[in-house]
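Undergrad: Below you'll find the structure I mean.
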Amino acid sequence: MGARRVLRDPFPILVGVITAAVLGILLIYPIGKALLSSFVPQGEALALKNLSLVNFQRFVTSPLYKSALVNSILVSLATTFFATILALPAAYAMARIKIPLKSLAMSLSVIPLIAPPFIGAYSWVLLLGRRGIVTVFLQENLGITLPSIFGPFGIILALSLSYFPFVFLIVQGALAAADPYIEESAAIAGARRWRILRTITFPLVAPSIASGALVVFIRALGNVGVPSVLGGDFYVLPTLILFQVEGFFNLNGAAAIAVVNVLLVLVFLLFMRRFSGKKRYVTLTGTTQRSKQNDSLGARVFGNVYVWGLLAFALVPQAMVVFSSFAERWAGTLLPTSYGLANYRLILGNVLEPIFNSVWLAGVATLLALAFGTVTAYVSLRRRFPGKWLLDLTIMLPFVLPGIVTGVAYLTTFNSGPIVLTGTSALLVFGYFVRRLAYAFRSVSASIGQVDPQLEEASIICGASWGGTMRKVTLPLIAPGMLAGAILVFSTLIGELSVTIMLFSGKTKTVSIAIFEYLTSHRIAPASAMGTVVIVITLLLVLLASRLTGKSMADMFK
Amino acid sequence: MQVGTLSVRGLTKVFETKDGPVTAVDDVNLEVASGEFFSLLGPSGCGKTTTLRMIAGLETSTSGTIAFGGRDLAPLPSASRNLGMVFQSYALFPHLTVLENAAYGLRVRRTPSVKVKERVVHLLELLGLGGLHGRYPSDLSGGQQQRVSIARALAYEPDMFLLDEPLANLDAKLRVQMREEIRRIQKELGVLALYVTHDQEEAMSVSDRIGVFRLGKLMQVGAPTEIYRNPTTLFVADFIGKINFFPAASAGKGDVTLGSGWSVRPGSRHPLSAAEAAGFGVTSDAVVAVRPEHLAIERHPAEDGIPGRVRRRLFLGSTTRYFVTCDASLKEVIVETPRPIEGVGEGDGVTLSFDPSDGIAYVGSESP
C-alpha cells in the first residue's frame, strides 16, 4: 500500500507558492521573454504588432549566420561522435579488464570535466599550432603537416577530449552494474565474445550511451570558450551570439540565435529518444558477484594501453597549462628558455579581485541553489500534490539549455522591463543559481532517496514534530550529500564562462573572464598561471567533497 | 467505554487512483481491550496495514472514528497520540547509537537525562542488548536491530504498541524466537498491542484475539481457537489452517446431506453468501467444512461416510497425511492421523467419516 501520508500542514502549499514564484521569475519569464524578443526586430518595442521573422531570416540571407549554423551542427555532431568513440573502449576496458590503479584512473577521468575546457584549449596551440612543439617535431622529422589548429580541427579535438568522460562514466557505470549472468548465459548458449558484445552487451548499454552522447552534444553546442580561443574566423552559434552582443548589442538577434541553438538541442533530443527508445534495461540484481574480468594477455595489454593512453592525451591540456605557467621566457623557441614564478608574480596584483568575485558570486549562488534545491527535492520526493510533474520538468529544464542560452535570456530579459538588473551582481548570482539548480536538486534528491520515509514516520510516532524530525533525523542524514552537492556546484561555478560572459560587468569580473581576456589577447603566460590556480582550487574542492561523502570522484559526476 | 480501550467505528479508507476510487478499508469495527494482544491478519493488499496506519495517524481516514480510552484520536497528529511502532524495515536511525535510538522518544519528551538513561538501560537489558549501547544500527544483526526498534517503541511507555509485519525480514528460526519475545515483553509491560501480519501461524501463536481481513473488510474477530474451530465464512475457514469442503444439500431441521448420500447435523452452522459460494466454485446450496485431523479413514465401505481412493500417503513423523480423491468433495481431500492406519495404502478404496459435531455447515440463504 504505497500511499503516502496526506498532510494537513500548510507546508506544501507555502513551498509550492514560493517555488512557482522563483521558477516563474528566474526561469520561465526570461525564457519566454527571450523567445518573444527573438521575433522582434532590433530597436523595436516588445509588442505583438512588431512580431516578425526578420531575425531568423538572417539564417537564410547572411553567409556568416549560415556558416555559423552549419559549423555548429558539424562541430557538435563531430564532437559527440569522437567523444563517444573514444569513451566506449575505455568504458569497456575499465569494467571488464584487469587494470592496475583503476580507482586512480577513474579519478583522473573526471579532471577534464572539472577544469573548464577553454582554459586548456590554448595548450593545443602550443602543441599543434603552426610553431607548436608537436607540429615542428612532425614536420622536421617525418615531413607530416597538420591541419591548422585554428578552426574546426582544434575545436573538435579540444571538445572531444574534454567531454568524452560524460559518455565514459555513464557507460562504465552501466557495464559495471550489469548482471554478469546475462553475458554468461549468452556464452553458455554458445555465443563467442564478439557476438556477445554485439548482441548482448552493446544493446544493454545503448540507452546509457545515448544519454551520455546527449550531454556531450548539449555541452558542445553551448560551449563559447573553446571556439573563442581556437575559432579564429570560424564562427559557431555561441561565438556568433557573443559577436552580436559585444559588437552590436543586438539582443534580439542574439535571442534568435539562442532559439535556433535550443531547437538544435531539441532535434537531437528527439533523435536520441528514437534511437534509444523508451526501453530502460535495469539489470541490477541482488547478486554481489562482480562481472567476470577478462584477463587474457591481449585484452590486458590493449586495455591498459588504451585507458592510460587516452587519459594521458586528455590531460595534456591541463598539464600544459600548469607547465606553461612556470615558463618565464618562451618566445621563438620550441621549449621555454627559463622557468620560474614570474607569471604568478605578474598576476598577483590582478588575480585577487577576480578570484574574490568568483568566490562570492559562486558562493551565494550555491547557497541559494542548495537551499532551494533541498526544499523542492524534499517536497517532490516526499509529498504528493497536483502538478508535481511540472515542477520536476521545470527544475530540470536548465539541464538541456546550453549555458550561453541562459546567458542570452537573462541579458535580454533583465535589461529592460519590470525588473532591470543589468550590470548588477544579482544578475550573475541569479544566472548561476538557475544554471546549477538542477545539479543541486539532483544531488539532494539522491540523498533524500537514500533515506527511508519510515525513518521520518518512526520519529513522528515517537512524538517528534515535523520540524524536530527534520532537525534530528532527515537533515543529519542528508547533510553529507548536500555538502558534496554544494561543493560540486561551487567548484563548477568558479570557472563558469558561458553565462558569465553574457552577464558580467566591470564590477563583477570573475576569474574565468580574466583568463578568457588574457587568452583572447594571446597573453598566455598570465592566463596559464591563473588557469593553474583555478584548476588546483577546483580539484582540491572536488577531492574534499569526495572525502566527505566517501564517494569516489567519478561517482560524484555520474 | 473502558480506560485504555481502543475503539474503531466504521473506519473506511478510499484511495483515489488513476483507475478511479479504490476502497482499501471498508467499514471496519473493532474493540481492543487494555493489555490485549490483537492481530490484524490477512493476505497482502487486504487493508490491514492501512488500518494500522490510520490508527497511527500516518494515514487519514475517509470516514469512521478511532478512539482511545473514550477520546477521539482524529484531531491528534501522530506525534501526540503517544504510540510506539515497530516498522517492517525497523527504520532505525542510522546516525544514532543503539542507546540514542532507544532514547529518541524520551529525548523528544524532554525527560531528564538521568531518567532516560535509567529507563533505556533497563529496557535494553530486558531485550538482551546489554553490551551494545554504543553500536550503530549498521553493526547489528537483523534480530538485534529488531530488538532495538522494539526498545525505541516502548521506552516512553506508549498507550498502544503497533507492529507492522515486524518479523518479515527475519529467518524462520529467529521469527519464532522473536515472536515469543515480543509477546513476553508486551505482557510484562501490559501495553495494548496491535500486530499486523499475513502469517496465520504467527498470528495464532502470539495473539489473544485475531481480526481476519479480506479485501478491506474485517471478516471475523475472535480468539485463535475460535477462529480455527468455528470460522464463520468459507474464506476464513480456508485461510486459517487446512480444511476440506464437501458440497451438500440442505435437508431441513439443521440436517445436510453430503454428495455421498450421508446425512449429518453439523456442530455449527453459518450462512453462505452467493458471492462467496461463487468465489470457491460451489454450485450446491450448502457446504460442510471439516479439518483434516477430524476425518477418520477406514478400509472397508460403510453406509455413513464418504467413499474415496487414496492417491498418496505422506509419513511426516508426528502425523501421517493422506490425499484422497473423492467425488463428493470440491478438491482432493486431506486427512491427517496421529499414526498410519494399518492396512491403508496408496490406491486403496476407503471410506472417510467424521463426528458430525466437528463439521461446520455453510448454508445458502435461498434454502429452507
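The values are calculated or read from the model by the stated rules, or taken from the named source; none is laboratory data. All values derive from a computational prediction rather than experimental measurement. When we count neighbours, we look across all protein chains shown, and the Cβ atoms used for this are built from the backbone with ideal geometry, even at glycine. In case anyone asks, the SASA skips ligands and DNA or RNA and just uses the protein heavy atoms, side chains included. Shrake-Rupley method; radii C 1.70, N 1.55, O 1.52, S 1.80 Å.
Undergrad: Which one of these is more than 14 Å from every other protein chain (Cβ to nearest Cβ), closer than 25 Å to A:Ile111 by Cα and modelled with pLDDT of 90 or more: A:Phe490, A:Phe430? Walk me through it before giving the result.
TA: Numbers: A:Phe430 fails: closer than 25 Å to A:Ile111 by Cα.
Every option except A:Phe490 fails the conditions.
Undergrad: Every residue in the stretch A:154-168 that is open to solvent by less than 20 Å² (accessible area, probe 1.4 Å) and either under 13 Å from the mean Cα position of the chain (by Cα) or under 19 Å from A:Val229 (Cβ atoms) (or both), please. Steps first, answer last, please.
TA: Taking the stretch A:154-168 and keeping what is open to solvent by less than 20 Å² (accessible area, probe 1.4 Å), we get A:154-155, A:158-165, A:167-168.
If the condition is that a residue be open to solvent by less than 20 Å² (accessible area, probe 1.4 Å) and either under 13 Å from the mean Cα position of the chain (by Cα) or under 19 Å from A:Val229 (Cβ atoms) (or both), then A:Gly154, A:Ile155, A:Ala158, A:Leu159, A:Ser160, A:Leu161, A:Ser162, A:Tyr163, A:Phe164, A:Pro165, A:Val167 are the ones that fit.
Undergrad: Next question. Can you give me the number of residues within the stretch B:48-85 that are farther than 20 Å from A:Arg384 by Cα, within 22 Å of the chain's Cα centre (by Cα) and more than 8 Å from chain A (Cβ to nearest Cβ)?
TA: Within the stretch B:48-85, residues that are farther than 20 Å from A:Arg384 by Cα, within 22 Å of the chain's Cα centre (by Cα) and more than 8 Å from chain A (Cβ to nearest Cβ) number 5.
Undergrad: Shifting gears a bit: Using the structure shown, decide if B:Ala24 is touching a residue at least 24 places away in the same chain (Cβ under 8 Å), assigned to a strand (DSSP E or B) and at the interface with chain A (Cβ under 10 Å from one of its Cβ atoms). Talk me through it step by step, then tell me what you get.
TA: On the way: touching a residue at least 24 places away in the same chain (Cβ under 8 Å): yes; assigned to a strand (DSSP E or B): yes; at the interface with chain A (Cβ under 10 Å from one of its Cβ atoms): yes.
Criteria met by B:Ala24.
Undergrad: Here are the criteria: (1) over 11 Å from the mean Cα position of the chain (by Cα); (2) more than 14 Å from chain A (Cβ to nearest Cβ); (3) open to solvent by 10 Å² or more (accessible area, probe 1.4 Å). Tell me which single one B:Leu215 does not satisfy.
TA: (2)
Undergrad: For the stretch B:16-32, which residues satisfy the criterion of being farther than 24 Å from B:Ala193 by Cβ, touching a strand residue (DSSP E or B) at 6+ places or on another chain (Cβ under 7 Å) and exposed (fewer than 14 other Cβ atoms within 10 Å of the Cβ)?
TA: B:Pro21, B:Val22
Undergrad: Related question: Look through the stretch B:266-286, keep the residues that are of a type in the set (Ser, Thr, Tyr) and in contact with a strand residue (DSSP E or B) (Cβ under 6 Å, 6 or more places away or on another chain), and return whichever of them is surrounded by the fewest Cβ atoms within 10 Å (Cβ to Cβ). Don't jump to the end; show me each part of the working.
TA: Initially, the stretch B:266-286 is screened for residues of a type in the set (Ser, Thr, Tyr), giving B:268, B:273, B:283-284.
Narrowing further to those that are in contact with a strand residue (DSSP E or B) (Cβ under 6 Å, 6 or more places away or on another chain): B:268, B:284.
On the way: B:Ser268: 15, B:Ser284: 20.
Here the answer is B:Ser268.
Undergrad: Considering (1) open to solvent by 60 Å² or more (accessible area, probe 1.4 Å); (2) farther than 30 Å from B:Pro307 by Cα; (3) among the basic types (Lys, Arg), say which one B:Arg229 fails and leave the rest.
TA: Exception for B:Arg229: condition (2).
Undergrad: Report yes if A:Thr337 is surrounded by 11 or more Cβ atoms within 10 Å (Cβ to Cβ), at pLDDT below 75 and in contact with a strand residue (DSSP E or B) (Cβ under 9 Å, 6 or more places away or on another chain), otherwise no. Lay out the reasoning, then the answer.
TA: Values: surrounded by 11 or more Cβ atoms within 10 Å (Cβ to Cβ): yes; at pLDDT below 75: yes; in contact with a strand residue (DSSP E or B) (Cβ under 9 Å, 6 or more places away or on another chain): yes.
Judged against the criteria, A:Thr337 is a match.
Undergrad: Since B:Lys13 meets every condition but one in (1) of a type in the set (D, E, K, R); (2) loosely packed, with under 14 Cβ neighbours inside 10 Å; (3) within 11 Å of chain A (Cβ to nearest Cβ); (4) over 18 Å from A:Gly463 (Cβ atoms), which condition does it not meet?
TA: All conditions are met except number (2).
Undergrad: Within the stretch A:98-107, identify whether any single residue is charged (D, E, K, R) and touching a residue at least 12 places away in the same chain (Cβ under 8 Å), and answer yes or no.
TA: Within the stretch A:98-107, the subset charged (D, E, K, R) is A:98, A:102.
From the residues that got through so far, the ones that are touching a residue at least 12 places away in the same chain (Cβ under 8 Å) too are A:98.
Yes, the conditions are met somewhere in the stretch A:98-107.
Undergrad: Another question about this same structure. Taking the conditions exactly as written (surrounded by 16 or more Cβ atoms within 10 Å (Cβ to Cβ), more than 26 Å from the chain's Cα centre (by Cα) and in a loop (DSSP other than H, G, I, E, B)), does B:Ser353 satisfy them or not? Working first, answer last.
TA: Details: surrounded by 16 or more Cβ atoms within 10 Å (Cβ to Cβ): yes; more than 26 Å from the chain's Cα centre (by Cα): yes; in a loop (DSSP other than H, G, I, E, B): no.
No.
Undergrad: Here are A:Phe372, A:Phe326, A:Phe399: which of them is of a type in the set (Phe, Trp, Tyr) and modelled with pLDDT of 90 or more? Walk me through it before giving the result.
TA: Details: A:Phe326 fails: modelled with pLDDT of 90 or more; A:Phe399 fails: modelled with pLDDT of 90 or more.
Exactly one of A:Phe372, A:Phe326, A:Phe399 is of a type in the set (Phe, Trp, Tyr) and modelled with pLDDT of 90 or more, namely A:Phe372.
Undergrad: So, of the residues in the stretch B:1-10 that are buried (at least 17 other Cβ atoms within 10 Å of the Cβ) and part of a strand (DSSP E or B), which turns out to be farthest from the other protein chains (Cβ to nearest Cβ)?
TA: The selected residue is B:Ser7.
Undergrad: Return a yes/no flag: does the stretch A:82-89 have any residue that is open to solvent by less than 10 Å² (accessible area, probe 1.4 Å) and outside any loop (DSSP other than H, G, I, E, B).
TA: Scanning the stretch A:82-89, I find at least one residue that is open to solvent by less than 10 Å² (accessible area, probe 1.4 Å) and outside any loop (DSSP other than H, G, I, E, B), so the answer is yes.
Undergrad: Given (1) at pLDDT 90 or above; (2) within 22 Å of the chain's Cα centre (by Cα), where does B:Pro158 come up short, assuming only one miss?
TA: (2)
Undergrad: Right, here's the next one. Among the listed residues B:Thr225, B:Thr197, identify the single one that is over 23 Å from B:Thr49 (Cα atoms) and not assigned by TED's automatic domain parsing to the domain that holds B:Thr283. Full working, then the answer.
TA: Values: B:Thr197 fails: over 23 Å from B:Thr49 (Cα atoms).
After applying the criteria, what remains is B:Thr225.
Undergrad: Within the stretch B:165-198, how many residues turn out to be open to solvent by less than 60 Å² (accessible area, probe 1.4 Å), touching a residue at least 40 places away in the same chain (Cβ under 8 Å) and in a loop (DSSP other than H, G, I, E, B)?
TA: The total comes to 5.
Undergrad: Let me ask something else about it. Determine which member of the set A:Arg96, A:Arg58 is charged (D, E, K, R) and either in the same structural domain as A:Val533 (by TED's automatic domain parsing) or more than 22 Å from A:Ala178 (Cα to Cα) (or both). Let's see the steps before the verdict.
TA: Working: A:Arg96 fails: either in the same structural domain as A:Val533 (by TED's automatic domain parsing) or more than 22 Å from A:Ala178 (Cα to Cα) (or both).
Checking each option against the conditions leaves just A:Arg58.
Undergrad: With the requirement that a residue be facing chain B (nearest Cβ under 7 Å) and out of contact with any Leu (no Cβ under 9 Å at 6 or more places or on another chain), what does the stretch A:433-458 give you?
TA: Going residue by residue through the stretch A:433-458, those that are facing chain B (nearest Cβ under 7 Å) are A:452, A:454-455, A:457-458.
Matches in the stretch A:433-458: A:Asp452, A:Gln454.
Undergrad: What are the pairs, 6+ residues apart or on separate chains, where a residue within the stretch A:251-266 that is modelled with pLDDT under 90 has its Cβ under 6 Å from a residue that is buried (at least 21 other Cβ atoms within 10 Å of the Cβ) and small (Gly, Ala, Ser)?
TA: Going by the 6 Å Cβ cut-off, the qualifying pairs are A:Asn252/A:Ser37.
Undergrad: Looking at the stretch B:214-228, can you tell me whether even one residue there is of a type in the set (Val, Ile, Thr), more than 18 Å from B:Glu293 (Cα to Cα) and at pLDDT 95 or above?
TA: Restricting attention to the stretch B:214-228, the residues satisfying the condition of being of a type in the set (Val, Ile, Thr) are B:221, B:225, B:227.
Right, trim to more than 18 Å from B:Glu293 (Cα to Cα) and you get B:221.
Subsequent filtering for residues that are at pLDDT 95 or above retains B:221.
Yes; the residues of the stretch B:214-228 include at least one that is of a type in the set (Val, Ile, Thr), more than 18 Å from B:Glu293 (Cα to Cα) and at pLDDT 95 or above.
Undergrad: Got a sec? Which of A:Leu493, A:Leu497, A:Leu519 is farther than 25 Å from A:Leu437 by Cβ, open to solvent by less than 30 Å² (accessible area, probe 1.4 Å) and outside the structural domain of A:Ile241 (by TED's automatic domain parsing)?
TA: Only one candidate passes the filter, namely A:Leu519.
Undergrad: Looking at this structure, is A:Gly190 more than 30 Å from A:Ser62 (Cα to Cα) and outside any helix (DSSP H, G or I)? Spell out the reasoning first.
TA: Numbers: more than 30 Å from A:Ser62 (Cα to Cα): yes; outside any helix (DSSP H, G or I): yes.
So A:Gly190 fits the description; yes.
Undergrad: Moving to a separate point now. As an exercise: evaluate B:Ala91 against (1) at the interface with chain A (Cβ under 10 Å from one of its Cβ atoms); (2) of a type outside the set (Phe, Trp, Tyr); (3) farther than 17 Å from B:Gly142 by Cα and give the number of the one condition it does not meet.
TA: The number of the failed condition is (3).
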